[in-house]
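Q: Could you have a look at this structure, given as C-alpha cells, before my questions?
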Amino acid sequence: MTALLEVQNLTVAYGAIEAVRDVSFTVDEGQIVSLIGSNGAGKTTTLRTISGLLRPKSGKILFAGESIDSLEAHVILQRGIAHCPEGRRLFGRMTVEENLQLGAYVRRDTGVEADMNRVYELFPVLGERRHNKAGLFSGGEQQMLAIGRAMMSRPRLLMLDEPSMGLSPIMTQRIFDTIRELQSQGTTILLVEQNALAALALSDHGYVIDLGRTSLDGPGHELLADERVRAAYLGEN
Amino acid sequence: MATLLQQLASGLVLGALIALIALGYTMVYGIIQLINFAHGEVFMVSIFAAAATYKWFIPESWENTWQIALPCMLVGAVLVAVVLAVLMERFAYRPLRNAPRLAPLITALGVSQMLKEIVRLNYPDAKSAINVPRAFIDEPIIITVPGGTVVLQATSVLLIAVSIVGAVILQLYVSRSRMGRAMRATAQDPDTAKLMGVNPNRTIVFTFALGGLLAAVAGVLYGIHLNTVDTEVGFLYGIFAFTAAVLGGVGSIKGAVIGGFIIGVVKTLGGQLLPGGTGYDVVWVFILLILVLVFRPQGLFGEPERVRA
Ligand SMILES: Nc1ncnc2c1ncn2[C@@H]1O[C@H](COP(=O)(O)OP(=O)(O)OP(=O)(O)O)[C@@H](O)[C@H]1O
Ligand SMILES: [Mg+2]
C-alpha cells in the first residue's frame, strides 16, 4: 500500500505554546486511520494544519507524495483533502442546499446534483428540509449536514474531527456506517474521535496523541486490546 | 400636495444616489468588517473620470448624442473606479488583513484624504467645482397632480430606476450565483469558506470591484444630473451612504438601499417641513439614526449577532 498522507515530525505552535510536538503518522490509501487522545492533546490543531488553516512551525506534510505544508487552504481542498471541522461550522444563515453547494464549490462536473441526492438519501431529514436555514437544525442534524457537505467535494482524503460529537448512539452508529461505506467506495479517512472505542473498532490503524506527541500506534484492534489505551481512554483500570 | 410630491421626488433622487454608494460600504463591511471610508472618494473620482472621458476621450461629433456619450462616460468611470477599488484593497487593506481593527480604519481615512488631494491638485481646474455635461434627455417630465404640477428631470427618473433595478440585480446575484455564495460564506466564516475551496483574496477583491462599479454608476448619474462636481462631494455623500448602511443594518443589501432612500427623503422633507429649514436637515437624519440604533442596534435589517452555527 502507498501512503496517501504522511505527516513527519510536525510541530505547531500558537505563539509561544507548542500545541503539537514532533507528531508523525501515515495514512495509507484506502484506509481508515484514527487519531485519539484526551482533550487538548492537539488533534484538532493537527487537522487544521494539514488542511492549511495553520502553518507548521517545523515538520513536513506530504499528500500523494507532494509537500503541501506551504499551500493555502483553498488549494489544499482542490488537491483532494476535505476537512469536516470540529463543532460543525456550518453556514448557519444559509440553507441546507446552499451548504451542500458550497461543499461542491470547486467542482465543475455534472455529478453534483446526484451527489446531493445521495446525501439526502443518507440523511433523509436533510432532504425534507433542504430549503431551511442550517442554523435552525438540531446539533445532530447539523452534524449530518457537516459530513454531507465535506463529502460533496468528492475528496481523496476526508478528515473528520469528532463526527459523533453530540449525537445519539443510533446516529453515531449511522455516521460510523457512513464512514465505512465511504471507505468501501475508495475514500481514505482520517478520523479524530473522543469515542475511542468506536473509532478504533472501525480503523485500520490508530495513533494515540498525548500532550502533543504521538505516544502509541498500531492496528485498531490491537490498540483496543492495549492496556494503556484501555486505561487512559476507555475508562478501565 | 404638488409641492410635497415635488419634494418627495427630490428626496427619492438623493436617496437613490446614497443607496448606490451605500451598497459598496455594506458589502465590504459584510465580508471583512472594514468601514472603507475611502469608498466615498471612489464615487468622487468616478465623476471626474466621467467628465474627463467626455472632454478628452470621445470625438466631438459624439458629444451631442447622449446615446453614445453616456455609455462612453459610464465605461470610463467604471474602469477607473473598479481599478481604484481593486488597487486600494490590494495595497492598502490586504497587508493589514490580520492587523487590529483600528489599523485598516485609519488607513481608510488616509486613503480617502490622499485621493481627494490627488484629484484636487492634478485634475485641471479641480481646485473649484468643474462642469459635467448633461448627456441625457433634456426635456423634463411634467406630471399633473391635484393642485398643480410636478416637474421631474429625466435624469431623476433614470437615477431612481437604475438604483432600484441595480439593487435587485445585486441581491439576486449575491443570493443565487456561485460567486455570491462564496461572498456570503466568506462573510459568515472565512476559515470554513477556505475549507470549501473558496479563495478568500479573490472573493474580497471581487467585492471591492463590485462596490466600485456601483459607485461609478452613481457617479455618472450624479454628474449628468447635477452637472457640476468638486472634490468635497466624496466626503459628503460618503458620510450619508455610510449612515444609510448603518441605518439599514450594515452587511445587508436590502438595508443599504432602504436606508439610503429613508435618508434621502428625511433630509429633503425634514429641511422643508420641519422647523429650522434646510439648515437643520442633516440634524433630522442623525436624530433618526440615533433613534433607530437605540431601539435596534443592528440596524433595520441587520443580523442581531454573527451566527456561527
Ligand atoms: N487558537 C488557539 N490559541 C491558543 N492555544 C490554542 C488554540 N487552539 C488550541 N489551543 C491549545 O492547543 C492545545 C491543543 O488544542 P486542540 O484543539 O488541538 O486539542 P484537541 O486534541 O483537538 O482537543 P479536544 O479533544 O478537546 O478537541 C490545547 O492546549 C489548546 O489549549
Ligand atoms: Mg479537538
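Q: Mind checking whether some residue in the stretch B:145-162 is closer than 19 Å to B:ALA19 by Cβ, aliphatic (A, V, I, L, M) and at pLDDT below 95? Lay out the reasoning, then the answer.
A: Let us first name the residues in the stretch B:145-162 that are closer than 19 Å to B:ALA19 by Cβ, namely B:152-153, B:155-162.
Filter once more, so that each one left must be aliphatic (A, V, I, L, M): B:152, B:157-162.
Imposing the further condition that a residue be at pLDDT below 95 reduces the set to B:152.
Yes: the stretch B:145-162 contains one or more residues that are closer than 19 Å to B:ALA19 by Cβ, aliphatic (A, V, I, L, M) and at pLDDT below 95.
Q: What residue, of A:VAL27, A:VAL119, A:VAL96, A:VAL106, is more than 16 Å from ligand 1 (Cβ to nearest atom) and either within 11 Å of chain B (Cβ to nearest Cβ) or among the polar types (S, T, N, Q) (or both)?
A: A:VAL106
Q: Considering only the stretch A:73-123, give the helices (runs of 4 or more DSSP H) lying wholly within it that have at least 2 residues that are in contact (Cβ under 8 Å) with a residue 40 or more places away in the chain and within 18 Å of A:SER138 (Cβ to Cβ).
A: Ranges flagged: A:96-103.
Q: Here are some conditions: (1) more than 14 Å from chain B (Cβ to nearest Cβ); (2) among the charged types (D, E, K, R); (3) under 16 Å from the mean Cα position of the chain (by Cα). A:ARG130 meets all but one. Which one does it not meet?
A: Every listed condition holds for A:ARG130 apart from (3).
Q: For A:ILE32, indicate whether it is more than 13 Å from ligand 2 (Cβ to nearest atom), open to solvent by less than 40 Å² (accessible area, probe 1.4 Å), in contact (Cβ under 8 Å) with a residue 60 or more places away in the chain and within 14 Å of chain B (Cβ to nearest Cβ).
A: So A:ILE32 does not fit the description; no.
Q: Has the stretch A:72-88 got at least one residue that is more than 16 Å from ligand 2 (Cβ to nearest atom), more than 19 Å from A:LEU190 (Cα to Cα) and more than 14 Å from every other protein chain (Cβ to nearest Cβ)?
A: no
Q: Something else: List the pairs whose first member sits in the stretch B:31-49 and is aliphatic (A, V, I, L, M), whose second member is not in a helix (DSSP H, G or I), and whose Cβ atoms are under 7 Å apart, counting only residues at least 6 apart or on separate chains?
A: Cβ pairs passing all conditions: B:MET44/B:THR231; B:ILE47/B:VAL132; B:ILE47/B:VAL229.
Q: Might you let me know whether the stretch A:208-217 holds any residue that is touching a strand residue (DSSP E or B) at 6+ places or on another chain (Cβ under 9 Å), modelled with pLDDT of 90 or more and not aliphatic (A, V, I, L, M)?
A: No.
Q: Where in the stretch A:151-232 are there strands (runs of 3 or more DSSP E), lying fully within it, with 2 or more residues that are open to solvent by less than 60 Å² (accessible area, probe 1.4 Å), of a type outside the set (Phe, Trp, Tyr) and within 14 Å of another protein chain (Cβ to nearest Cβ)?
A: It comes to A:157-161.
Q: Turning to a different aspect of this structure: Which numbered condition trips up B:GLN188, out of (1) more than 14 Å from chain A (Cβ to nearest Cβ); (2) touching a residue at least 12 places away in the same chain (Cβ under 8 Å); (3) polar (S, T, N, Q)?
A: Of (1) more than 14 Å from chain A (Cβ to nearest Cβ); (2) touching a residue at least 12 places away in the same chain (Cβ under 8 Å); (3) polar (S, T, N, Q), only one is false for B:GLN188: (1).
Q: Could I ask something else about it? Evaluate the stretch A:134-143: report whether one residue or more is in contact with a helix residue (DSSP H, G or I) (Cβ under 6 Å, 6 or more places away or on another chain), more than 9 Å from chain B (Cβ to nearest Cβ) and open to solvent by 10 Å² or more (accessible area, probe 1.4 Å).
A: Yes - at least one qualifying residue is present in the stretch A:134-143.
Q: Could you please find all residues in the stretch A:183-208 being more than 27 Å from A:SER168 (Cβ to Cβ) and either aromatic (Phe, Trp, Tyr) or within 16 Å of ligand 2 (Cβ to nearest atom) (or both)?
A: A:TYR207, the sole residue that qualifies.
Q: Pick from A:LEU53, A:LEU47: which is within 11 Å of chain B (Cβ to nearest Cβ), at pLDDT 95 or above, within 16 Å of the chain's Cα centre (by Cα) and open to solvent by 10 Å² or more (accessible area, probe 1.4 Å)?
A: After applying the criteria, what remains is A:LEU53.
Q: Condition first: polar (S, T, N, Q), under 19 Å from the mean Cα position of the chain (by Cα) and surrounded by fewer than 23 Cβ atoms within 10 Å (Cβ to Cβ). Can you find one or more residues in the stretch A:75-94 that meet it?
A: Yes.
The values are calculated or read from the model by the stated rules, or taken from the named source; none is laboratory data. Remember, predicted model here, so these are calculated numbers, not experimental data. Glycine also receives a Cβ, built like all others from the backbone with ideal geometry; neighbour counts cover every protein chain displayed. Calculation scope for accessible area: heavy atoms of the full protein, side chains included, ligands and nucleic acids excluded. Shrake-Rupley method; radii C 1.70, N 1.55, O 1.52, S 1.80 Å.
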